[in-house]
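*Asks:* Okay, here's the structure, questions in a sec.
The values are calculated or read from the model by the stated rules, or taken from the named source; none is laboratory data. The shown structure was predicted, so the numbers you read here are calculated from the model rather than taken from an experiment. Using ideal geometry, Cβ is built from the backbone for each residue, glycine included, and neighbour counts are taken over all protein chains shown. Side chains are part of the model used for accessible areas, which takes the heavy atoms of the whole protein and leaves out ligands, DNA and RNA. Shrake-Rupley method; radii C 1.70, N 1.55, O 1.52, S 1.80 Å.
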There are 2 protein chains.
Amino acid sequence: MTTPRTWSIAELADEFDITHRTLRHYEAQGLLAPERRGQVRIYHRRDRTRLALVLRGRRLGFALDEIRTIIDMYDEQPGEAGQLTYLLSQIEDRRRDLEQRRRDIEDSLRELAEVERRCQEDLRTLN
Amino acid sequence: MTTPRTWSIAELADEFDITHRTLRHYEAQGLLAPERRGQVRIYHRRDRTRLALVLRGRRLGFALDEIRTIIDMYDEQPGEAGQLTYLLSQIEDRRRDLEQRRRDIEDSLRELAEVERRCQEDLRTLN
DNA sequence: CGATCACTTGACGTTAACGTCAACGTAAAG
DNA sequence: CTTTACGTTGACGTTAACGTCAAGTGATCG
């Protein structure tokens, strides 16, 4: 039997190319909650996964507290029907947001391609 | 012959649901450069278009100075071959960035769909 | 002609997301 | 046993992107 792997703060910081300050900040914001061995933080695979989600949210330009509510949606254990329908409405909001972003991105990519085309054409006429 | 339409700061702010402060801020950052009739700003269709690009960049989570360099890429009139190849490399960087974001978004959408599915299943078992 | 808009500049305030010390604990290594 | 490495908690600093006054200007309306 193998003991499940854990990480120190420096190991996680290295792997994801962030600082320990960032990790402590995320913890202070309630995004992570690593185990404590005395004073020292021990990150489990679960923390690692959450961190990856946080960083993806960050790449997408979400604020940290938005990210928290999103992530909390994922591993919530919902009880009653009211909470479930509320969660579903939240999901709808998120989906709309993400789909708007996707449209924005695809528009941007199309326009980039157009600029690139003109660029290469200009380059050819220079030769 | 119809005179081309222009906008006041309030009209643009209303239309795009931002404040005049935001518009002045974008101008201070070099993102917009409306005409001046005396002291007063007159926005032309060109400014309107740039504003739309800025706001799209903002929705995508870009910083304002990134947005400026991106937008400047669009309506630059490049002369020599060196600048053209440099511009092409910039375009490549942007494209990579945007494609990463698109992947992130599609992953997020997939996971959202999964959470939604489980939610609706839970709802059914409650009935 | 005084009031009311719509607009202007200037300057300081605010929030988020960390950066950057300072000062301390602790465990292994020489 | 002291140095070194790695970790910890404050606490204040910084930057971006505006918000929020305050105080003034110019056109128009009754």
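*Asks:* Probe of 1.4 angstrom, ligands and nucleic acids ignored: what's the accessible area per residue over chain B, in square angstrom?
*Replies:* Working: 7790 Å² over 127 residues.
That works out to 61 Å² per residue.
*Asks:* Residue B:118 versus residue A:88, label points 7 Å from Cα toward the beta carbon: distance in nm?
*Replies:* According to this spin-label approximation, the distance is 1.7 nm.
*Asks:* Let me check I've understood the local charge: for residue A:6, count other residues with C-beta under 11 angstrom from its C-beta, Lys and Arg +1, Asp and Glu -1. What total comes out? Write out the running numbers ahead of the final one.
*Replies:* Values: positive: A:5, A:37, A:41, A:45, A:46, A:48; negative: A:11, A:35, A:47.
Net local charge, residue A:6 excluded: +3.
*Asks:* Suppose every Lys and Arg Cβ carries +1 and every Asp and Glu Cβ carries -1, with no other charges. What dipole size does region A:1-62 come out with about its Cα centre, to the nearest 20 debye? Present the calculation step by step, with values, prior to reporting the outcome.
*Replies:* Values: 13 positive and 7 negative charges, 38 e Å.
Using Cβ point charges on Lys, Arg, Asp and Glu, region A:1-62 gives about 180 debye.
*Asks:* Can I ask one more? What's the carbon and sulfur percent of region A:1-67's accessible surface, probe 1.4 angstrom, rounded to a whole number? All intermediate terms of the calculation are to be shown ahead of the outcome.
*Replies:* Values: 2080 of 4140 Å².
Percent of accessible area from carbon and sulfur atoms in region A:1-67: 50.
*Asks:* Something else: Using a cut-off of 13 Å between beta-carbons, work out the net charge of the residues near residue A:123 (Lys and Arg +1, Asp and Glu -1, residue A:123 not included). Write out the running numbers ahead of the final one.
*Replies:* Working: positive: A:117, A:118, A:124; negative: A:116, A:121, A:122, B:80.
Within the 13 Å Cβ shell, the charges total -1.
*Asks:* Residue of B with Cβ nearest the axis relating B to A, plus distance in whole Å?
*Replies:* B:61, 1
*Asks:* Could you state how much accessible area is buried at the A-B interface, both sides summed, with a 1.4 Å probe, in Å² to the nearest 100? All intermediate terms of the calculation are to be shown ahead of the outcome.
*Replies:* On the way: alone 9680 and 9670 Å², together 15600 Å².
What A and B bury together is about 3800 Å².
*Asks:* Check residue A:42: other-chain or 5+ apart residues with amide H under 5 Å from its amide H, H built from backbone geometry?
*Replies:* It is A:35, A:36, A:37, by chain and number.
*Asks:* Which net charge results for the neighbourhood of residue B:35, defined as the other residues with beta-carbon distances under 12 angstrom from its beta-carbon, given Lys and Arg at +1 and Asp and Glu at -1?
*Replies:* Values: positive: B:36, B:37, B:41, B:45, B:46; negative: B:27, B:47.
It works out to a net charge of +3.
*Asks:* Sticking with this one: Please report the accessible area of residue A:22 (heavy atoms, 1.4 Å probe, ligands and nucleic acids excluded) in Å², nearest 10.
*Replies:* Probe radius 1.4 Å; accessible area of residue A:22 about 30 Å².
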